[in-house]
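Handing you a structure now.
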Amino acid sequence: MEPQVAIASGALFGLLGCVAPAALFERALRGRPGATLASGLAAVIVSFLTLTVVLLVVYTATNTGFLEFGCALVAAFLLFWGIEAIRAWRAANGRAPHRGEG
């Protein structure tokens, strides 16, 4: 696998692993019902299984580009949640935009 393809696909799959918890996070951040501990645990498990299966498939499919793929996957995942952590901190401290503005 070419390094550019490995990096781009790793970043894409890293963001794919964020979908389930991110949907729940947005629901909780906006104050909508349905954000429970059980749904949070389920979202984390889905995210973990998604990323694990993706890494296993790439590892078995190719030997070249696995390091680049894995690093991009983890970097995109952590960057996304770093940004979301800042949003949560701002919301907790009253610095978030009012509902409906953003």
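In terms of the Cα gyration tensor, with a ≥ b ≥ c the square roots of its eigenvalues, is the range 37-93 rounded because a/c is under 1.5, prolate because a/b exceeds b/c, or oblate?
Oblate.
So for the chain, averaging the separation of alpha carbon pairs under 8 Å that are six or more residues apart and normalising by length, what relative contact order in percent results?
45
While we're looking at this one, here's another question. With a cut-off of 16 Å, note down the residues of the range 1-30 whose backbone N falls inside the zone around a label point 7 Å from the Cα of LEU49 toward its beta carbon.
Taking a point 7 Å out along Cα→Cβ of LEU49, the residues of the range 1-30 whose backbone N falls under 16 Å are 17-21.
Follow-up. Give the label of the value calculated from the structure for Rg/Rh (Cα atoms, Kirkwood Rh), choosing from (i) 0.99; (ii) 1.03; (iii) 1.08.
(iii)
For the range 7-102, which whole percent of the accessible surface, found with a 1.4 angstrom probe, sits on carbon and sulfur atoms?
For the range 7-102, the apolar C and S fraction of the accessible surface comes to 72 percent.
Tell me the angle of helix 66-92 to the major Cα principal axis of the chain, expressed in degrees between 0 and 90 and rounded to the nearest ten.
Relative to the chain, helix 66-92 is tipped by roughly 10 degrees.
Over the chain, give the accessible area per residue in Å² for a 1.4 Å probe, as an integer.
Computed with neighbouring chains in place, this is 68 Å² per residue.
Spin-label point model (7 Å from Cα, Cβ direction): what's the ALA88 to LEU12 distance in nm?
Inter-label distance under the simple model: 2.8 nm.
The values are calculated or read from the model by the stated rules, or taken from the named source; none is laboratory data. No experiment lies behind these values; they were computed from the predicted model shown. Note that we place each Cβ from the backbone using ideal geometry, even for glycine, and neighbour counts take in every protein chain shown. To get the accessible areas, we keep the full protein, side chains included, count just its heavy atoms, and leave off ligands, DNA and RNA. Shrake-Rupley method; radii C 1.70, N 1.55, O 1.52, S 1.80 Å.
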